[in-house]
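**Q** Sending over a structure as structure tokens; questions will come in a sec.
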Ligand code: SF4
């Protein structure tokens, strides 16, 4: 019997709840997944570390390698400079996606992983087309809309099952206020 070749994929994970159903789907579809943590947009630092701890728990649950990048919040603030007062879902968020997806593209290249994607797309509050637009300069980007068919609902179920922390704001200080 011929089997489809396994595809290596680096997955930018924005938080454990969004990762839960996205990773489940990718593993069901036969990808060989590695996870990348790059979310220096999250503020304050304690919140960043708390979300990372739950991502570690999720990575261990699925037995997947997790690559962590540091909380370079000052660099992220520079990347969104001038966009602080933009409403959620507009230009600041596009710049934020671009920042983290650029780091993911660089990590994929360093790790020799041919494609990458992001769990950001599972959120009903984030535009799939805006995410794809932010990643459009990277040929290695694999566009996957994890919302479909019912990814967000599945992420709620899995978060409950696995005891994952579900935050109440997107991440940065501008979404907090
Ligand atoms: S609201 Fe969320 S996506 Fe938008 S800039 Fe802040 S952390 Fe990034």
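Read-outs throughout are calculated quantities, based only on the coordinates presented, and are distinct from any laboratory measurement. Computed from a prediction, not measured in an experiment: that's the story for all the values here. Quick reminder, even Gly has a Cβ in these numbers, built from the backbone with ideal geometry, and neighbours come from all protein chains shown.
**Q** 222 nm [θ] for the chain, helices only, -39500 (n - 2.57) per DSSP H run of 4+, per residue, to 500?
**A** Computed mean residue ellipticity for the chain: -14500 deg cm²/dmol.
**Q** If you average the C-alpha positions of segment 123-177 and of segment 18-93 separately, how far apart do those two centres end up, in angstrom?
**A** Their Cα centres are 10 Å away from one another.
**Q** For the Cα atoms of the chain, what angle does the longest principal axis make with the long axis of helix 45-62, in degrees from 0 to 90, nearest 10?
**A** So the helix axis and the longest Cα principal axis differ by about 10 degrees.
**Q** Could you tell me the relative contact order of the chain? Use alpha-carbon pairs under 8 Å, at least six residues apart, and round to a whole percent.
**A** Worked out over the chain, it gives 31 percent.
**Q** Here's something else I'd like to know. Round to the nearest 0.05 the FRET efficiency obtained for residue 109 and residue 56 when R0 = 30 Å and r is the Cβ-Cβ distance.
**A** Taking R0 as 30 Å, the efficiency between residue 109 and residue 56 is 0.80.
**Q** So how compact is segment 88-177: Cα radius of gyration and Dmax in angstrom?
**A** 14.1, 39
**Q** By how many degrees, 0 to 90 and rounded to 10, does the Cα axis of helix 16-28 deviate from the longest principal axis of the chain?
**A** 30 degrees
**Q** Given a Förster distance of 25 angstrom, what is the FRET efficiency for residue 136 paired with residue 29, based on the Cβ-Cβ distance and rounded to 0.05?
**A** Between residue 136 and residue 29 the formula returns 0.60.
**Q** Something else about it: Relative to the first principal axis of the alpha-carbon coordinates of the chain, what is the inclination of helix 91-111, with its axis defined by its Cα atoms, in degrees from 0 to 90 and to the nearest 10?
**A** 40 degrees
**Q** Give the shape of segment 19-177 as rounded, prolate or oblate, defined through the alpha-carbon gyration tensor: a ≥ b ≥ c are the square roots of its eigenvalues, a/c under 1.5 means rounded, and otherwise the shape is prolate if a/b is larger than b/c and oblate if not.
**A** Taking the square roots of the gyration eigenvalues as a ≥ b ≥ c, segment 19-177 is rounded.
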